[in-house]
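What follows is calculated from the coordinates using simple rules that are stated; it is not laboratory data. All values derive from a computational prediction rather than experimental measurement. Backbone-built Cβ (ideal geometry, glycine too); neighbour counts: all protein chains shown.
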Amino acid sequence: GAVVSQHPSWVICKSGTSVKIECRSLDFQATTMFWYRQFPKQSLMLMATSNEGSKATYEQGVEKDKFLINHASLTLSTLTVTSAHPEDSSFYICSASAPTSGDSYEQYFGPGTRLTVT
Amino acid sequence: GESVGLHLPTLSVQEGDNSIINCAYSNSASDYFIWYKQESGKGPQFIIDIRSNMDKRQGQRVTVLLNKTVKHLSLQIAATQPGDSAVYFCAENNYGNQFYFGTGTSLTVIP
């Protein structure tokens, strides 16, 4: 099956600094990748849709200037959390979309990145 | 977005019993649904999917039921095993490639 990796798997940073998280599709090309955020004991919240070669589409309430997304190639999307604050501490999960039969898509998820801001 | 960040409901079952996990979805236009399993500290794993033109689909030890009238999905796990302990999410998709996740249910299997 398709494999999606994330790096790093865990990061601790100081308040005010920026952190970059990478999402890679290892054995397939993904024109679209997604970034989710998950707080403890809660569901995944879609933050943004990352399209290769174009600007990301952000969900309502997600600050695009704080969560910078770059999808420079068909196998790599990055999420940069700028000027991180403790409330940004969360589990960030990416997924890569691949078409299945008809008009449907299946998403392959990365293992997640745990961000702790001190 | 259509997902709601609520605290997870929990379900405890004895090993060997059947489990039923329920999910209410929000968009009547959604035409494709997936159940995911998420273990602690890991990303979601695909379990089974179903399209809106079906009301039941079976996999290995798992069955998904779809009731479009009441916008309800269920996941049935037969002969639940300790390795099934995880959080289970349903996700809905409507003619695009974006998925929105339901609240999720935390399943604990008691040996």
Is there a pair in A:K20/A:K66; A:K14/A:K55; A:K20/A:K64 whose C-alpha atoms are over 18 Å apart, and which pairs would that be? A:K14/A:K55
Among the lysines in chain B, how many pairs, 8 or more places apart or on different chains, have alpha carbons under 22 Å apart? 4
How high is the relative contact order of chain B, in percent, counting Cα pairs under 8 Å that sit 6 or more residues apart? 39
Find, among the chymotrypsin sites (Phe, Trp or Tyr not before Pro) in the stretch B:7-103, those assigned to loop by DSSP (not H, G, I, E, B) with at most 15 other beta-carbon atoms within 10 angstrom. B:Y95
Residue-wise HN-Hα coupling along the stretch A:44-56, computed from phi with Karplus coefficients 6.51, -1.76, 1.60 (Hz; x: Gly, Pro): 7, 10, 5, 9, 7, 10, 9, 10, 4, x, 9, 6, 6
Between B:N94 and residues 5 or more places away or on another chain, which pairs have amide H atoms under 5 Å apart, with H built 1.01 Å from N, and which residues are they? B:D31
Restricting to chain A, what percent of DSSP beta bridges are antiparallel, rounded to 5? 90
Using the C-alpha atoms of the stretch A:2-41, what convex hull volume per residue, in cubic angstrom, is computed? 111
How many percent of the alpha carbon pairs in chain A exceed a separation of 22 Å? 28
Rounded to whole Å, sorted largest first: equivalent-ellipsoid semi-axes of the protein assembly as shown, Cα gyration tensor: 29, 21, 16
Could you tell me how many cubic angstrom of Cα convex hull volume chain B has per residue? 99
Note the direction-averaged projected area, equal to a quarter of the hull surface, for the Cα convex hull of the stretch A:54-118, in nm². 5.6
Cys residues of the protein assembly as shown counted as unpaired, since no other Cys beta-carbon is under 4.7 Å: A:C13
